[in-house]
Amino acid sequence: MNDQAIANLLTLEAKRQNEGIELIASENYPSKSVREAQGSILTAKYAEGYPQRRYYGGCEYIDKVEELAIERAKRLFSCAYANVQPHSGSQANAAAYHALLRPGDKVLSLVLNDGGHLTHGSPVSFSSATYHFVFYPLNDKGHLDLDIIEKWLDQENPNLFLAGYSAYPYAIDFKGMRERIDRHNAHSPTPCLFMVDMAHIAGIVAAGLCQNPVDYADIVTSTTHKTLRGPRGGLILSNRLDLAKKIDSAVFPYTQGGPLEHVIAGKAITFLEDQSPAFKTYMKQVLENTKACNDELARRGRIVSGTENHLFLLNVLESYGISGKVAQQELESIGITTNKNMIHGDTLKPNETSGLRIGFAAATTRGCTKEEAIQIAGLIDDCLSKSKSKEQLKEEVHHMVSGWKDVMTLEFPMGE
Ligand code: DSN
């Protein structure tokens, strides 16, 4: 690279990633093949439209790339339709809403503070300006509750029920939700559609380790860079072929222009990698590591959410008397990256928070074992309780990651 300023920053960022323990639940490291596709000459090509229906010439090979990505996505998630063009999860959600709703329609969703997402009706997102969002609560224990959901469906008569969360650590009963929506629809004047945003758990779905929402929802959106371990981007799936045309038009031309075909090539590689037994082994290890870390913190007397997926929440206010913001800063100073997060019933503001969100998708890709996940719980606890010096903790982090894989040379299979 001949831009020295950017080259230096890339080197420093790779060093930061290699020398730290990455516990942000939405992050992961793609294989070198995926990164090569993202950095490829496909970035030079305009391909507005869809395979065999483009607005530009010269799309012979681009069409094949996108067709492969679509076929592989459909196979990975056992579904009839895939749109691989959304630039991100937020774009996928914008297009999904447009395909299913009219401006002003009512959406029943989970509020951001309880683990929802900005695009699920937050006042600071486009979603709340265009649609009328109402929010279902969790139960007293902070769990989704099908009886509460059904009560809210009957009370609100929404046009769309939205499931799928960015900080929900438990399993989700998509089948149960479908049954409640069907029961509601049997007597409601307003038919309610079912949308799932599976961005966080898509890798767990792909590995067959939880219910597949595509079997139950009218439309499913996702990102491709979290547990799926692909390039940064979005995805829309459905088994309802009658919605295909509406979804395609909602992505292009309604919400987007030219697709990022270099990223779509990276998605195609990811969807093939994720069909392998090695990916399933990896995902089982992610779940095991997450639980091991959660359980060790609980054994040490700290307040944790428990977990049935790739993340859990640590209540740092009750455990250590500090905010999530301070906890995040303290951990970052010893080389552990996390993010502050609201927890159920939080009394602090979103830029302070009482919780930390901790996930193991990224660390497990680099080779983190269950024993190391338990040691990481110790590092977190010793740092936040100030029972060891920062110098000592930094040294322990450094020692652990020196045995892990280099983020720049990771290639599939990652050693699973
Ligand atoms: N920002 C993502 C996350 O961290 O969960 C969701 O889009």
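Hey, among 65, 84, which residue is of a type in the set (A, V, I, L, M) and under 22 Å from the mean Cα position of the chain (by Cα)?
Step by step, each of 65, 84 is checked, and only 84 is of a type in the set (A, V, I, L, M) and under 22 Å from the mean Cα position of the chain (by Cα).
Looking only at the stretch 53-73, which residues are outside any loop (DSSP other than H, G, I, E, B) and of a type outside the set (Asp, Glu)?
Correct list: 53, 54, 61, 62, 64, 65, 68, 69, 70, 72, 73.
Got a number for residues in the stretch 170-203 being surrounded by 15 or more Cβ atoms within 10 Å (Cβ to Cβ), part of a loop (DSSP other than H, G, I, E, B) and hydrophobic (A, V, I, L, M, F, W, C)?
6
Could you check, for the stretch 101-123, whether at least one of its residues is at positive phi and within 16 Å of the ligand (Cβ to nearest atom)?
yes
Considering the stretch 311-331 alone, what residues qualify as being within 16 Å of the ligand (Cβ to nearest atom), over 16 Å from residue 301 (Cβ atoms) and either part of a loop (DSSP other than H, G, I, E, B) or out of contact with any Leu (no Cβ under 8 Å at 6 or more places or on another chain) (or both)?
311, 325
Inside the stretch 204-238, can you point out the residues that are away from the ligand (no atom under 16 Å from the Cβ) and in a loop (DSSP other than H, G, I, E, B)?
207, 208, 209, 210, 211, 212, 216, 217, 218
For the stretch 239-267, how many residues are more than 18 Å from the chain's Cα centre (by Cα) and either within 25 Å of residue 307 (Cα to Cα) or part of a helix (DSSP H, G or I) (or both)?
Qualifying residue count, the stretch 239-267: 18.
If you take the residues of the stretch 18-52 that are closer than 22 Å to residue 335 by Cβ and in a helix (DSSP H, G or I), which of them is farthest from the chain's Cα centre (by Cα)?
It comes out as 19.
Being closer than 23 Å to residue 101 by Cβ and touching a Cys at 6+ places or on another chain (Cβ under 8 Å) narrows it down to one of 251, 214, so name that one.
214
Among what's in the stretch 52-75 and is small (Gly, Ala, Ser) and crowded, with 17+ Cβ neighbours inside 10 Å, pick the residue that is farthest from residue 238 (Cα to Cα).
That would be 69.
Which one is surrounded by the fewest Cβ atoms within 10 Å (Cβ to Cβ), of the residues in the stretch 347-367 that are part of a loop (DSSP other than H, G, I, E, B) and in contact with a helix residue (DSSP H, G or I) (Cβ under 6 Å, 6 or more places away or on another chain)?
Residue satisfying both the conditions and the ranking: 352.
Please go through the stretch 371-416 and give me each residue that is in contact with a helix residue (DSSP H, G or I) (Cβ under 9 Å, 6 or more places away or on another chain), closer than 28 Å to residue 35 by Cβ and not in a loop (DSSP other than H, G, I, E, B), ordered by number.
372, 373, 376, 397, 398, 400, 401
Kindly indicate whether residue 46 is of a type in the set (Phe, Trp, Tyr) and within 16 Å of the ligand (Cβ to nearest atom).
Here the answer is no, as residue 46 does not meet what is asked.
With the requirement that a residue be buried (at least 22 other Cβ atoms within 10 Å of the Cβ), at negative phi and assigned to a loop (DSSP other than H, G, I, E, B), what does the stretch 145-165 give you?
158, 165, listed by residue number.
Check 281, 270, 290 and return the single one that is β-branched (Val, Ile, Thr), surrounded by fewer than 23 Cβ atoms within 10 Å (Cβ to Cβ) and part of a helix (DSSP H, G or I).
Only one candidate passes the filter, namely 281.
I want to confirm something. Restricting to the stretch 332-346 and keeping residues that are touching a residue at least 60 places away in the same chain (Cβ under 8 Å) and outside any loop (DSSP other than H, G, I, E, B), which single residue is nearest to residue 358 (Cα to Cα)?
339
Rule-based calculations on the coordinates, nothing more; no lab input. Since this is a predicted model, take the numbers as computed values, not measurements. Here Cβ is always computed from backbone atoms with ideal geometry, including for glycine, and neighbour counts include all displayed protein chains.
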